[in-house]
Amino acid sequence: MQKKSSLMKKLKKYWPFYFLALPGLIYFFINNYIPMGGLILAFEKYTVSGGIFGSKKIGFQNFKFLFSNADAWIMTRNTLLYNIVFILLGLVISILTAYFLHELKSNMSRKFYQTVILFPSLLSIIIVSYLANALLAGDTGFINNHILLPLGLEPISFYSEKKWWPFILVFVHFWQMTGTSCILYLANMSAIDPSLYEAASMDGATRWQSFFNITIPCLVPTIITLTILAVGKIFNSDFGLFYQVPMNSGAIIDVTQTIDTYVYRGLMNTANLGMSAAACFYQSVVGFCLVMITNSMVRRISSENAMF
Amino acid sequence: MAEVKLVNIKKVYPYVSGEEKKKNKKKSADEPEKKKVNLQITDEGVVAVQAFNLDIKDKEFIVLVGPSGCGKSTTLRMVAGLEEISDGELYIDGKLMNDVAPKDRDIAMVFQNYALYPHMTVYDNMAFSLKLRHTPKDEIDKKVREAAEILDITQYLERKPKALSGGQRQRVAIGRAIVRAPKVMLMDEPLSNLDAKLRNEMRAEIIKLRQRINTTFMYVTHDQTEAMTLGDRIVIMKDGYIQQIGTPQEVFNHPANLFVAGFIGMPVMNFFDAELKREGDKFFVEVGGIKVELAPEKEARLLKNNVQSQPVTLGVRPEHTDVAEQGIASTVEVAEMMGSSVHLHLNADGKDVIVIVPTIDMKGSYKQGDTVHFTFDGKVAHVFSKETDKNLEF
């Protein structure tokens with residue numbers, strides 16, 4: 001009763017703030033919470049006539065189908081490994097890019113390079129896939145026609161040789177995403193008190209010593225937060241990158257198949273909504289567990305840097 | 001311990017792209033031309049410091065003082081190597097330091113906002129510079145603990161800066177600076193973030209510290225009390241120029257110009273429009289119907305400068321102004337009881353005047369609207385040129 005009255009008091013006192021928060025809350029409710037009801041599909045054999053609530057309940061059958069499939073290991077391995085590379089390498093690339101941009105003295109140069117780095121992230125993945133195709137295509141691709149052949153080397157059939165694709169996909173990912181991922185680090189670096197660097201230079205630190213002793217420790221809270229969030233999505237993948245960039249080529253599916261592309265292909269071929277919902281449910285649950293585990297690990301090591 | 005010599009130092013911040021264009025933008029014919037009000041803005045950029053010449057002796061405590069934007073911090077940062085010197089030469093121990101990196105100048109600096117590394121403990125903050133110099137661990141430990149002992153922060157060595165109060169952080173910042181026994185210690189308004197009580201305490205601590213570590217100090221402040229109490233010599237700056245260099249006593253008793261006279265001393269010096277009269281070898285000032293003869297040593301200096309009769313700005317400090325039976329007539333506006341004295345805020349013919357009356361000399365109390373006469377002695381009157389604002393004795 002007391003709790004209720006204090007909540008009412010708060011609502012009365014801060015109603016303008018709650019009012020301001022209302023559109024955001026409504027958005028979250030409609031966009032993030034109502035669709036959660038759809039998870040029930042993961043436990044049903046969905047039929048259009050039965051609808052979401054009237055279809056036959058089949059327990060964990062959809063999950064069984066998902067994991068008993070021969071591709072289960074490949075898609076899980078690919079999703080995990082690509083994400084681990086994206087998280088680890090992304091951390092290094094984003095921080096270094098942000099640091100180099102931050103170190104530029106000229107505002108003009110900084111704006112120029114930032115725009116150049118950010119531009120690819122504004123491109124649709126379809127355009128990116130055709131840009132990649134323009135480079136990699138067997139007959140008309142730039143690499144084969146203008147680099148390998150003039151050098152007297154054998155042309156490469158990129159879309160049928162899977163050994164190249166882990167590198168191509170990682171390169172395309174960083175080419176496209178570094179601009180956006182370095183922005184947060186750049187903003188954080190700009191917020192570091194410049195007198196810390198001055199004090200370090202008076203103490204005898206070189207630029208790299210300042211980077212490792214001032215910049216990185218000051219970025220640790222951001223690094224941890226972003227890493228925990230990324231770990232939470234470790235079973236998700238960038239559908240466009242893994243489906244569009246390889247041009248849905250069947251020959252290289254062993255290295256481009258991820259859970260998301262598998263679900264999409266499954267949906268296209270069998271229209272099995274239950275299996276797709278099961279895959280998404282699995283991604284969410286595992287992601288949630290990983291966030292909790294990572295956060296509790298961070299809290300044990302350095303409680304001040306934990307998210308909650 | 002080192003001598004520091006600054007020769008004709010100048011600092012110009014060039015315009016960044018766009019600013020110059022804006023500045024040079026052609027004005028329309030009907031737009032009135034604005035007068036340049038800030039002398040520091042020139043065609044080459046914003047001049048922060050110019051014609052700065054100073055010889056700092058070994059183990060001397062020099063205080064740079066002046067209002068905001070006068071160039072005192074810029075000068076200190078040029079000595080530190082944090083700002084490039086646009087022109088002139090900087091010598092530390094006889095070596096030209098213009099192009100030497102901060103870490104190779106063997107100087108330490110205490111920053112206004114402490115600049116403690118937030119992720120390091122107090123111990124690590126203090127040990128950082130020694131670690132970078134690959135000092136053996138046991139020696140680092142010995143030096144850090146010695147410095148902590150001096151500053152009474154031993155009990156906080158394992159804490160992080162955010163768990164310390166402002167005063168404790170300031171001590172850590174000083175500790176970090178003294179731990180490697182620098183040749184020159186630079187302090188950039190180190191007490192300005194502290195409250196009044198703590199500032200007084202820390203001021204006394206710095207005086208004690210100076211006696212213990214015995215090195216050359218350059219200290220920047222805008223607080224004249226700090227400048228007067230800490231400095232062996234004070235450098236008073238305005239608009240990037242040195243206005244006067246002298247001991248606290250010298251700048252207080254013999255201000256070089258109107259700015260120094262007004263800046264040093266609290267409450268500020270009273271200024272009057274007066275007439276300086278020369279009668280042979282004697283000099284008098286006439287103000288508010290009274291005529292006061294200047295002291296012989298002042299007359300000698302005016303004579304030496306061949307000063308003639310002229311309208312002047314007369315300056316007399318509130319503590320040198322006396323309430324008397326006869327003198328300049330004024331009315332009491334406010335009487336502030338300060339304990340040992342009363343600060344009388346008077347209105348003398350439209351001019352605000354402050355007179356400090358020791359309570360021991362008071363015959364009664366002062367009320368708003370009371371008529372009071374005040375006078376002054378010829379020994380404590382300062383006469384400034386109306387044209388140049390310079391003290392005519394200089």
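Could you tell me what percent of the DSSP beta bridges with both partners in chain B are antiparallel, to the nearest 5?
80
For chain A, what are the DSSP H helices with axial Cα length of 18 Å or more and mean Kyte-Doolittle hydropathy of at least -0.5?
The qualifying helices are A:15-28, A:72-103, A:107-122, A:165-190, A:216-232, A:273-301.
Let me check something: with ligands and nucleic acids excluded, how do B:F263, A:F212 order by accessible area (1.4 Å probe), largest to smallest?
Most to least solvent-accessible, the answer reads A:F212, B:F263.
As a test of the formula, what do you get for chain A when each DSSP H run with n ≥ 4 contributes -39,500 (n - 2.57) and the sum is divided by the residue count, at 222 nm and rounded to the nearest 500 deg cm²/dmol?
Mean residue ellipticity, 222 nm, calculated: -21000 deg cm²/dmol.
Could you tell me which of rounded, prolate or oblate describes segment A:61-305, using a ≥ b ≥ c as the square roots of the eigenvalues of the alpha-carbon gyration tensor, with rounded for a/c under 1.5 and, failing that, prolate when a/b is larger than b/c and oblate otherwise?
oblate
Starting from the Cα of A:L81, step 7 Å along the direction of its Cβ; do the same at B:Q310; then give the gap between the two resulting points in nm.
With each label placed 7 Å out from Cα toward Cβ, I get 9.0 nm.
Would you mind checking the tilt of helix B:166-178 against the longest principal axis of the Cα atoms of chain B, expressed as 0 to 90 degrees and rounded to 10?
Result, in degrees: 70.
For a quick check of understanding: with a 1.4 angstrom probe and all protein chains in place, what accessible area in square angstrom does B:D389 have, to the nearest ten?
The value for B:D389 is about 70 Å².
Working with all protein chains in place, sort B:Y13, B:Y156 by solvent-accessible area computed with a 1.4 Å probe, largest first.
From most exposed to least exposed: B:Y13, B:Y156.
Please enumerate, by chain and number, the aspartates and glutamates with C-alpha under 17 Å from the C-alpha of B:K386, excluding those fewer than 8 residues away in the same chain.
B:K386 reaches B:D273, B:E275, B:E286.
In peptide A:185-198, what is the residue-averaged number of other protein chain Cβ atoms found within 10 Å of each Cβ?
Mean inter-chain Cβ contacts per residue within 10 Å come to 3.
Among A:90-97, B:320-327, what's the highest-first ranking by average C-beta atoms within 10 angstrom per residue?
A:90-97, B:320-327
Between segment A:45-101 and segment B:153-187, how far is it from one alpha carbon centroid to the other, in angstrom?
52
So if we plug the beta-carbon distance of A:F28 and B:K137 into 1/(1 + (r/R0)^6) with R0 = 41 Å, what FRET efficiency do we get, rounded to 0.05?
In this case the efficiency is close to 0.15.
Taking beta carbons within 10 Å but only from partner chains, what does the mean come to for residues B:81-89?
Partner-chain Cβ atoms within 10 Å, mean over residues of B:81-89: 1.
Take every Cα pair under 8 Å in segment A:61-305 that's 6+ residues apart, average their separations, divide by the length, and report that relative contact order as a whole percent.
31
Using only Cα atoms, tell me the angle between helix B:137-151 and the longest principal axis of chain B; keep it within 0 to 90° and round to the nearest 10.
Once rounded, the angle reads 20 degrees.
How much length would be gained if the chain were fully extended between A:K163 and A:F100, taking 0.36 nm per residue of separation minus their Cα-Cα distance, in nm to one decimal?
Separation in residues times 0.36 nm, less the Cα-Cα distance, equals 19.5 nm.
Order the peptides A:159-168, A:24-33, A:279-288 from the highest to the lowest mean number of other Cβ atoms within 10 Å of their residues.
A:279-288, A:159-168, A:24-33
For segment B:138-203, just say rounded, prolate or oblate: build the C-alpha gyration tensor, square-root its eigenvalues into a ≥ b ≥ c, call rounded for a/c under 1.5, and beyond that prolate if a/b exceeds b/c, oblate if not.
Oblate, because a/c is 1.5 or more while a/b does not exceed b/c.
Whole angstrom only: what separates the Cα centroid of segment A:261-301 from the Cα centroid of segment B:79-129?
For segment A:261-301 versus segment B:79-129, the Cα centre distance is 53 Å.
Within segment B:258-385, how many Lys pairs sit with Cα atoms under 17 Å apart, leaving out pairs fewer than 8 places apart on the same chain?
Final tally of qualifying lysine pairs is 10.
Angle check, please: helix B:122-132 long axis (alpha carbons) against the longest principal axis of chain B (alpha carbons), in degrees 0 to 90, nearest 10.
With rounding to tens, the tilt is 70 degrees.
The values are calculated or read from the model by the stated rules, or taken from the named source; none is laboratory data. Remember, predicted model here, so these are calculated numbers, not experimental data. Every residue, glycine among them, receives a Cβ derived from its backbone with ideal geometry; neighbour counts consider all protein chains shown. Only protein heavy atoms, including side chains, enter the accessible area calculation; ligands, DNA and RNA are left aside. Shrake-Rupley method; radii C 1.70, N 1.55, O 1.52, S 1.80 Å.
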